[in-house]
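Trainee: Sharing a structure with you now.
The values are calculated or read from the model by the stated rules, or taken from the named source; none is laboratory data. Please read these numbers as outputs of a predicted model, since none were measured by experiment. Cβ placement follows ideal geometry from the backbone for every residue including glycine, while neighbour counts extend to all protein chains displayed.
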Amino acid sequence: MHFEVEHVIRIPFDKYFETVLSEKFNLWVKNRLKVAERAIVRHEEVAGKIHRTLRVETDLSERARKWLKVNRLIIDENMVIDKATNSYTWEYIPNVGVKRFTASGTGRIAPSGEHVKRTIAGDITVRFAIIGSRIEKRLVEWAKNNMGKAGEMLEEYHRGLSPTPAANDPGPDFDIG
């Protein structure tokens, strides 16, 4: 099932890739989301493009462990980032159900005034008899919602880096320095 989402992220355009690719931001997100593990397992430049794999591990409920037959859901997010064109490709590869689930797409950033407009398009496919299309629909809604939340978290992180945050802004949940 195809989806597209577009939103404005209120950080300076020229800081987008620097921020999202930083180890400090990755650690901040790991702690903010309280996931078991979130690690950059590959980050290298090849032919002018950044090849990056981010691995996220989440502990599962007992019910999910029984159904999936694993203790932890591990998802590798593979990206190829072309900073020259402000675009990237992405794909999620889980540690279970690889033949039954695919999620991949493209992203692009562009200036929106002094901020960033991010456009993400993707396709999610779930191959389960009878219920696959319902699961796809739910995953697409989840993906669209969470991509927007990811932009909000990026804004929150950036505000915490600003030298003069708003009086009512608590900034990041922990010291990143």
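Trainee: Might you check whether a residue that is within 20 Å of the chain's Cα centre (by Cα), aliphatic (A, V, I, L, M) and surrounded by fewer than 16 Cβ atoms within 10 Å (Cβ to Cβ) occurs anywhere in the stretch 52-69? Explain how you work it out, then say what you get.
Mentor: In the first step, residues of the stretch 52-69 are kept if they are within 20 Å of the chain's Cα centre (by Cα); the result is 52-60.
Filter once more, keeping what is aliphatic (A, V, I, L, M): 54, 56, 60.
If we keep only those that are surrounded by fewer than 16 Cβ atoms within 10 Å (Cβ to Cβ) as well, we get none.
The answer is no; no qualifying residue exists.
Trainee: Looking at the stretch 11-64, which of its residues are part of a strand (DSSP E or B) and polar (S, T, N, Q)?
Mentor: Of all residues in the stretch 11-64, those part of a strand (DSSP E or B) come to 37-46, 49-59.
Residues satisfying the conditions are THR53, THR58.
Trainee: Since ASP123 meets every condition but one in (1) among the charged types (D, E, K, R); (2) modelled with pLDDT under 90; (3) assigned to a strand (DSSP E or B), which condition does it not meet?
Mentor: ASP123 satisfies every listed condition except (2).
Trainee: Moving on. Under 7 Å between Cβ atoms, which residue pairs at least 6 apart in sequence (or on different chains) link something in the stretch 9-22 that is in contact (Cβ under 8 Å) with a residue 60 or more places away in the chain with a partner that is in a loop (DSSP other than H, G, I, E, B) and among the hydrophobic types (A, V, I, L, M, F, W, C)?
Mentor: Cβ pairs passing all conditions: THR19/ILE11.
Trainee: Of all the residues that make up the stretch 77-94, how many are surrounded by fewer than 15 Cβ atoms within 10 Å (Cβ to Cβ) and assigned to a loop (DSSP other than H, G, I, E, B)?
Mentor: Total meeting the criteria: 2.
Trainee: Turning to a different aspect of this structure: So which residues in the stretch 25-51 are within 18 Å of the chain's Cα centre (by Cα), exposed (fewer than 13 other Cβ atoms within 10 Å of the Cβ) and of a type in the set (D, E, K, R)?
Mentor: LYS34, GLU37
Trainee: A further question follows. Given the residues GLY105, GLY97, GLY122, which is the only one that is in contact (Cβ under 8 Å) with a residue 12 or more places away in the chain and surrounded by fewer than 16 Cβ atoms within 10 Å (Cβ to Cβ)? Steps first, please.
Mentor: Numbers: GLY105 fails: surrounded by fewer than 16 Cβ atoms within 10 Å (Cβ to Cβ); GLY122 fails: surrounded by fewer than 16 Cβ atoms within 10 Å (Cβ to Cβ).
Of the residues listed, the single one that is in contact (Cβ under 8 Å) with a residue 12 or more places away in the chain and surrounded by fewer than 16 Cβ atoms within 10 Å (Cβ to Cβ) is GLY97.
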